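*Asks:* For reference, the structure I am asking about is given below.
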């Protein structure tokens, strides 16, 4: 077991009181910063704006730092909010929260050893020729370590942070109170369904036995294609807090920057094909589009699928409504697009017409390149900037109180995340 120091180490607060105090500190920091900002606005002779005083870049950076250090449900909910494209939080806030998509701080070696001793027993080192104490990946629920078994197999060992599973409900409740601080989200916004769905998904992601089943399900569904590579499960070393898998060598997606256009296009084509099959054929989708969940295998030009925690079953009626929405966009049918967007829950009959128009404009802007008969070069287009501007316009409408159903938001973030690759 090798100890490699890192300034990204930070102990996971495992106790309920410690996590509550951190969320309380974030709330106090937001309110304290708002008071200071309001005083400065008054000193300049301007009337304080509640949203501007609460949601400053400094506040967003502090919240991002603290959520990352907490990990668990707190960090995961921050990741979800960072991808809502202005539907719940202003885009300038979500852009800062997007830093949570990067690697989280990892556990110090002493805390890691405590977890491993509890799960495998104190003699667990005898099972390995090598175990690297510094993880090669860290996320909201756990971190992943390289190891080599006694028989020489290279392995990836996913270790869940201590206390994360037990703290999900309290984290969600406490963060719900933070989000209800006046001015953070539009007055009257009903966050309860989203928070409840987030709670359910987080319990699922923290269930490593469920992730093992998801891995086996996708292995079966993708068994007839060479476009994807998946890891092998080692059930003998897997426990409720440890997922033991074979190590699949891959490169991060950034490596594609130096690949040929054909290889880049082929890789993205595989991802798009997978999303469409997940939605319309399998009706089973891995809903987290974080780039760290995908690897690039250059010798096979294949996509390596690395995480199956956030997997959602899709209702037949919801898949049907998304198919109608996609077809309406491809056929450039505004009336059917509006009807399909209402069926999928992007807005409802009570949503103000101007809000409906902004949401529909965002969708139609994204669909326009897909209607072209000639190739569209995303790398030279200003499409991301235009979508960002529309999202900012939507985020500025602070009387928009409708939140789409959680299932729609989860599908939206996966489809949108792959689209913007």
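*Asks:* Would you be able to tell me the number of residues in the range 88-126 that are in a loop (DSSP other than H, G, I, E, B), under 17 Å from the mean Cα position of the chain (by Cα) and at pLDDT below 65?
*Replies:* The initial filter retains those residues of the range 88-126 that are in a loop (DSSP other than H, G, I, E, B), namely 88-90, 102-105, 107-108, 121-123.
Narrowing further to those that are under 17 Å from the mean Cα position of the chain (by Cα): 88-89, 102-105.
Add one more test, that the residue is at pLDDT below 65, and what stays is 88-89, 102-103.
Qualifying residue count for the region: 4.
*Asks:* Against the condition surrounded by fewer than 18 Cβ atoms within 10 Å (Cβ to Cβ), in contact with a helix residue (DSSP H, G or I) (Cβ under 7 Å, 6 or more places away or on another chain) and at pLDDT 95 or above, how does residue 332 come out, does it pass?
*Replies:* yes
*Asks:* Going by the conditions given, is residue 220 in a helix (DSSP H, G or I) and either touching a residue at least 12 places away in the same chain (Cβ under 8 Å) or over 17 Å from the mean Cα position of the chain (by Cα) (or both)?
*Replies:* yes
*Asks:* Within the range 393-414, how many residues are over 18 Å from residue 342 (Cα atoms) and within 20 Å of the chain's Cα centre (by Cα)?
*Replies:* 2
*Asks:* Check 193, 182, 186, 162 and return the single one that is at pLDDT 75 or above and assigned to a loop (DSSP other than H, G, I, E, B).
*Replies:* On inspection, the qualifying residue turns out to be 162.
*Asks:* Within the range 293-317, which residues are surrounded by fewer than 17 Cβ atoms within 10 Å (Cβ to Cβ), within 25 Å of residue 207 (Cα to Cα) and touching a strand residue (DSSP E or B) at 6+ places or on another chain (Cβ under 8 Å)?
*Replies:* 313
The values are calculated or read from the model by the stated rules, or taken from the named source; none is laboratory data. Being a predicted model, the structure only gives us computed values, none of them experimental. Note: ideal-geometry Cβ built from the backbone for every residue, glycine included; neighbour counts use all protein chains shown.
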